[in-house]
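Comments concern the structure below.
No lab work stands behind these numbers, since they all come straight from the coordinates. Because the structure is predicted, anything quoted here is derived from the model rather than measured. So basically every Cβ, Gly included, is an ideal-geometry build from the backbone, and we count neighbours across all protein chains shown.
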Amino acid sequence: MNITCYSHYFIPEIGAPSARIYDLCQQWLDMGHCVQVVTCFPNHPTGRLYPKYKSGLYLYEKLDGIDVHRHWTYITPNRGFLKKTFGHMSYLPSSLVLSNPRAGKADVAIGTSPTFFAAMAAAWTGYKQKIPFIMEIRDLWPSIFVELGILRNRRVIRWLERWELALYRQATRVVTVTEAFRKDLIKRGVPEKKIITIPNGADVEFWRPERAPSDLGRKLGVEDCFVVLYIGAHGISQALESVLASAGRLRDYPRIQFLFVGEGAEKEKLVRRARQNRLKNVHFLGSVEKKEVKKFYALADVCLVPLKNIPLFGAFIPSKMFEIMSMGRPIIGSVRGESAQILRRSGGALVVEPEDGAAIAQAILWACEHPQEAQSMGQRARQFVLEHYSRRSLAARYGRVINDAIAEYGRDS
């Protein structure tokens with residue numbers, strides 16, 4: 001089977017979409033399928049090309065067995081709504097004009113959203129090549145922008161919603177990453193039989209428990225400290241000011257040190273706030289590659305999974321929590337809804353209300369004062385992922401969805 005995935009983000013970029021597509025592709029290759037990815041030149045989230053890449057119109061490369069077709073897009077940092085939107089929009093014409101003519105014929109086209117434009121490219125490919133189109137939903141667009149207050153123009157919102165529903169209608173299958181997303185689409189009239197939930201998970205062979213790297217601890221000045229780690233996007237969705245508030249509450253516990261690793265639209269503001277409040281227990285670092293992420297997880301005594309306190313985020317499941325659990329690290333999740341339910345079921349997390357800096361601080365202090373219990377939480381978390389969220393088993397399930405879509409498309413065409 002020949003599978004083509006359309007994604008705005010892909011390795012070596014870090015983050016949920018890159019990790020999900022890469023891991024699934026690796027598993028499909030192991031199952032004997034041919035896989036190609038149509039994507040951009042890597043630049044997220046800083047808006048700077050990654051080392052070893054040069055700006056151009058098109059680049060083909062073979063990455064760990066995956067045929068990768070990279071095309072030009074407007075490159076901009078992950079901040080500023082209009083510039084980011086133009087960068088997303090530029091994906092569509094470039095993918096169709098630059099990458100598609102060089103990509104081989106597929107049996108199925110998968111478009112992962114966000115962004116809509118990657119999904120549109122997959123939909124157009126499905127139409128032109130007379131193959132099924134599978135739309136994957138990782139975030140509810142445009143609903144998330146409305147909830148965050150980024151989109152307010154009702155005419156634009158209605159237009160985007162019509163566009164969204166048109167893509168669902170064209171898709172042979174719609175794959176969601178949470179059950180809450182699935183239920184939302186059913187309420188909006190998408191046929192139930194068309195929607196399948198395949199959650200995020202972890203490559204349990206890669207994300208394995210490791211000893212804390214003492215050299216990294218020394219380098220960062222946190223050796224022999226209790227390390228609280230947040231790693232990932234520093235955006236409006238993560239509500240990291242509440243984490244800074246918890247750091248302020250714990251400033252009199254010098255052994256407890258906070259590491260913020262990553263980039264995003266809110267990072268400069270967070271750095272300024274930490275300086276203004278003279279938080280000597282807070283350290284900011286830039287984005288790191290996947291192998292380095294693993295070292296930071298191993299260094300951490302506890303990892304944070306925060307989300308902003310808005311109703312829609314009750315339907316979201318931050319994918320990083322599966323990597324953290326697979327590494328055997330305990331989690332403090334300031335989340336609600338489906339992600340909170342999963343964390344509680346795992347036995348590997350303390351769950352508090354979103355944006356509650358006092359509760360986050362209290363949970364951190366408990367973990368610091370009860371190291372054996374926290375270690376046991378990490379062990380339970382690892383076992384939970386092995387049993388329920390292994391990327392290999394999820395990829396096999398996704399493969400069956402693809403086979404069903406191909407069979408159904410053949411009957412209907």
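For residue 47, the residues whose modelled amide H falls within less than 5 Å of its own, excluding neighbours fewer than 5 places apart on the same chain, are 78. The number of Lys pairs in segment 214-388 with C-alpha atoms less than 15 Å apart, excluding pairs fewer than 8 positions apart on the same chain, is 5.
The amide H of residue 35, built 1.01 Å from its N in the peptide plane, has 3, 67 as neighbours under 5 Å, considering only residues 5 or more places off or on other chains.
Here, P(r) means the percent of Cα pairs in each 10 Å bin from 0 to the largest distance; for the chain it is 5, 22, 32, 26, 12, 3, 0.
Measuring gaps between exposed loop sites in the chain (trypsin sites (Lys or Arg not before Pro); DSSP loop; at most 15 other Cβ atoms within 10 Å), the longest gap, sites not included, is 281-413.
Plugging the Kirkwood radius over Cα pairs into Stokes-Einstein for segment 23-124, at a temperature of 10 °C and a viscosity of 1.306 mPa s, what D comes out in µm²/s? Here the translational diffusion coefficient equals 111 µm²/s. Tell me which lysines have Cα within less than 16 Å of residue 62's Cα, excluding those fewer than 8 residues away on the same chain? Candidates past the 8-residue exclusion: 52. Of the residues 33, 6, 101, the one whose Cα sits farthest toward the positive end of the charge dipole of the chain, with +1 on the Cβ of Lys and Arg and -1 on the Cβ of Asp and Glu, is 101. When the alpha carbon gyration tensor of segment 214-388 is reduced to an equivalent ellipsoid, its three semi-axes come out at 22, 19, 16 angstrom, largest first. For the chain, the mean residue ellipticity at 222 nm estimated from helices alone is -13500 deg cm²/dmol, where every DSSP H run of n ≥ 4 contributes -39500 (n - 2.57) and the total is divided by all residues, rounded to the nearest 500. For a quick check: with amide H placed at 1.01 Å from N, whose amide H comes under 5 Å from residue 197's, ignoring anything fewer than 5 positions away on the same chain? So residue 197 has HN proximity to 176. Local charge for residue 198 was computed over the other residues whose Cβ lies under 13 Å away, with Lys and Arg +1 and Asp and Glu -1, and equals +4.
Cα centroid separation, segment 6-41 to segment 175-191: 24 Å.
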